[in-house]
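Nothing in this text is a laboratory measurement; each read-out follows from the coordinates by a stated rule. Small disclaimer: the values here were computed from a predicted structure and weren't measured. Glycine gets a Cβ as well: all are built from the backbone with ideal geometry, and neighbour counts include every protein chain shown.
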Amino acid sequence: MLSIYGSALDVPNILKEWYEEEAHSNYGAFIPFVGTVRSEDGIDGLSFDIYEPILNRWFKSWQDKAELLGATIKMAHSKGDVMLHESSYIAAVFSPKRKVALSLINEFVEDFKACAPIWKYDLKEGKRIYALERSTAIKGSGILGVKK
Amino acid sequence: MLSIYGSALDVPNILKEWYEEEAHSNYGAFIPFVGTVRSEDGIDGLSFDIYEPILNRWFKSWQDKAELLGATIKMAHSKGDVMLHESSYIAAVFSPKRKVALSLINEFVEDFKACAPIWKYDLKEGKRIYALERSTAIKGSGILGVKK
Amino acid sequence: MVKVEFLGPIQKEPLELEIRNLNELANILREDAQMQEWLENSAVAVNDTLVSSLDVDLKDGDRVSLLPPVCGG
Amino acid sequence: MVKVEFLGPIQKEPLELEIRNLNELANILREDAQMQEWLENSAVAVNDTLVSSLDVDLKDGDRVSLLPPVCGG
């Protein structure tokens, strides 16, 4: 399940909802990862753009991968503005066994950072500034560039 | 923070409490690990004994380790009986950065499994049966045994 | 007609182009001064599937998207 | 007197012994048929600190604990 919210995430409620949804699925391990906006470099918050069609396909490929391991993945992300100390991201793995869950949440979050079509902006002094230096070019980027 | 409960854990409420406690600590990542009793081998549930003095010392050593990384760890565990699909264990790491949080929760849970002075019993047909074959001898075990 | 969309921080309106493959798109975009900073670091999707080379034919109604560097979370 | 406690699944009442070190404890417990299954796989703590060898002196009021294999979670 992938949910996009137009505001900061209500983390306690989302975790409760997910936990209760899987209460009788016989999973032994549940590992959420929650990302929260930190105060640094004088920002007032972050803002996100999301391209949902490709995000959905990417998420579906991970859901299929998890299913082969007997696990399931859920994810929630904010679009638009999220202010300091609010949360913008939750990913969670449910799995029969802890080792699968621990390695899957790790791989999922790393791949999310490298591939998910989401763009981050710093909110600073009333401006929305693309966080280029913290961003990662998607694998295969640059094919339209001038041939070297 | 280490909390021992005399029953199954109220996971949504504990996660909510921990999340809200650290809401203004400027951590960027929060990763809980939740352990839930699975239906297998015909058990009705699990039961736990805990030796708290050594558990507290072990936990304190991890809290110190986390602090050196700018992180904090919280843990809750049940003692006594926990029935199928109820949860007996939550560990969580809060950290400024995700990579520290992901590696710390991993190491913490592995060390917990190897060292924490907690004994597990299967509840089956009205009996409480020590889960010896799933248990791990603590490092340094056997010094009282007959010299080989 | 092929529709070309610029995602995220690329501040550019979509284009409708008569092109038959990605090589033709590359030639057009390399002439666009505003696009120079993006061509080297953007990925390309055709109909929402990422592609890894320019050897892709396009047909009427296809959509091409440019995806600059990402940072979710 | 040194108090010796048996934790978790070891079904044995605590002992109060006049012993001066862990070697003396080992000699006593090796004579106890019920303890044979536990001596090889239990860890030992003195005053709640795990020890890794028998070269530990004990004094009046010390507590020794035997910890069989664990499985939290």
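Between D:Gln34 and D:Glu16, the modelled labels are 1.8 nm apart [label points 7 Å from Cα along Cα→Cβ].
Magnitude of the charge dipole for the range B:2-138, about its Cα centre and with charges confined to Cβ atoms of Lys, Arg (+1) and Asp, Glu (-1), is about 320 debye. When both the range A:5-22 and the range B:59-123 are represented by their alpha-carbon centers, they are found 22 Å apart.
In plain terms, the residue of C:Ile10, A:Ile138 with the fewest other Cβ atoms within 10 Å comes first and the most crowded comes last, giving C:Ile10, A:Ile138.
What the phi angles of the range B:139-144 give under the Karplus curve with 6.51, -1.76 and 1.60, with θ = phi - 60°, is a coupling list of 3, x, 5, x, 5, 7 Hz, glycine and proline written as x. Once both labels are positioned 7 Å from their Cα atoms along Cα-to-Cβ, the gap between A:Leu68 and D:Asn47 label points is 5.6 nm.
Here's the picture: charge each Lys and Arg Cβ at +1 and each Asp and Glu Cβ at -1 in chain B, and of B:Ser7, B:Ala71, B:Gly145 the one pushed furthest to the positive end of that dipole is B:Gly145.
What the Cβ-Cβ distance of D:Arg63 and B:Lys124 gives, at R0 = 35 Å and to the nearest 0.05, is a FRET efficiency of 0.55.
For the range B:92-148, the C-alpha radius of gyration divided by 2.2 N^0.38 Å, with N the number of residues, is 1.63. Among D:Thr49, A:Thr36, sorting on how many other beta-carbon atoms sit within 10 Å of each Cβ, with the fewest leading, yields D:Thr49, A:Thr36. The H on the amide N of B:Gly28, modeled in the peptide plane, is under 5 Å from the matching H of B:Ser95, B:Lys97, each at least 5 residues off or on a different chain. Projecting the Cα atoms of B:Gly126, B:Asn26, B:Ala116 onto the charge dipole of chain B, computed from C-beta unit charges around the Cα centre, puts B:Ala116 farthest toward the positive end. Between C:Asp55 and B:Glu110, what FRET efficiency follows from the Cβ-Cβ distance if R0 is 45 Å, with the result rounded to 0.05? My answer for the efficiency is 0.45. Listed values for the range D:10-26 are Karplus-derived 3J(HN,Hα) couplings in whole Hz (6.51 cos²θ - 1.76 cosθ + 1.60, θ = phi - 60°), namely 6, 8, 8, 5, x, 10, 10, 10, 8, 10, 10, 7, 6, 4, 5, 4, 4, and x replaces Gly and Pro. Full extension of the chain between A:Ile4 and A:Asn56 yields a length gain of 17.7 nm, computed as 0.36 nm times the residue separation minus the alpha carbon distance.
Take every DSSP beta bridge whose two residues both sit in chain C; close to 75 percent of them are antiparallel. Counting only DSSP beta bridges with both residues in chain A, the antiparallel share comes to about 90 percent.
Residues whose amide H lies under 5 Å from that of B:Tyr5, counting only those 5 or more places away or on a different chain, are B:His77, B:Ser78, B:Lys79; hydrogens are built 1.01 Å from N in the peptide plane. Legend: helices of chain B (whole DSSP H runs) are marked when their alpha-carbon atoms reach 20 angstrom or more along the helix axis and their mean Kyte-Doolittle hydropathy is at least 0.0; marked are B:98-115. Normalising the average separation of contacting C-alpha pairs (under 8 angstrom, six or more residues apart) by the number of residues puts the relative contact order of chain B at 33 percent.
For A:Lys124, the amide hydrogen comes within under 5 Å of the amide hydrogens of A:Asp44, A:Ile129, counting only partners 5 or more places away or on other chains and with H modelled in the peptide plane. Its DSSP H runs of at least 4 residues, each contributing -39,500 (n - 2.57), put the calculated 222 nm mean residue ellipticity of chain B at -10000 deg cm²/dmol, to the nearest 500. Note that the range A:1-138, at 25 °C in a medium of 0.890 mPa s, gets a Stokes-Einstein diffusion coefficient of 157 µm²/s from its Kirkwood radius over C-alpha pairs.
Here the Karplus relation 6.51 cos²θ - 1.76 cosθ + 1.60, evaluated at θ = phi - 60°, turns the backbone of the range B:82-93 into coupling constants of 9, 8, 3, 6, 9, 9, 10, 8, 9, 10, 8, 10 Hz, with x for every Gly and Pro. Once the C-beta distance of C:Lys3 and B:Ala137 is scaled by a Förster radius of 60 Å, the resulting FRET efficiency is 0.40 to the nearest 0.05.
Please tell me which of these pairs span more than 23 angstrom C-alpha to C-alpha: A:Lys65/B:Lys16; B:Lys120/D:Lys12; A:Lys74/A:Lys99; A:Lys60/B:Lys16? The answer is A:Lys65/B:Lys16; A:Lys60/B:Lys16.
Over all directions, the projected convex hull of the C-alpha atoms in the range D:2-67 averages 4.0 nm² in area.
The residue among D:Gly73, D:Ser53, D:Asn23 whose Cα reaches farthest toward the positive pole of the charge dipole of chain D, with charges on the beta-carbon of Lys, Arg, Asp and Glu, is D:Gly73.
Each of B:Lys79, C:Lys3 was scored by other Cβ atoms within 10 Å of its Cβ. Listed from fewest to most, they are C:Lys3, B:Lys79. Taking 0.36 nm per residue of sequence separation and removing the Cα-Cα distance, the B:Lys79/B:Lys97 pair yields an extension gain of 3.2 nm.
Note on the protein assembly as shown: with charges restricted to the Cβ of Lys and Arg (+1) and Asp and Glu (-1), its dipole about the Cα centre is near 700 debye. For peptide A:48-55, the mean count of partner chain Cβ atoms within 10 Å of a residue's Cβ comes to 5.
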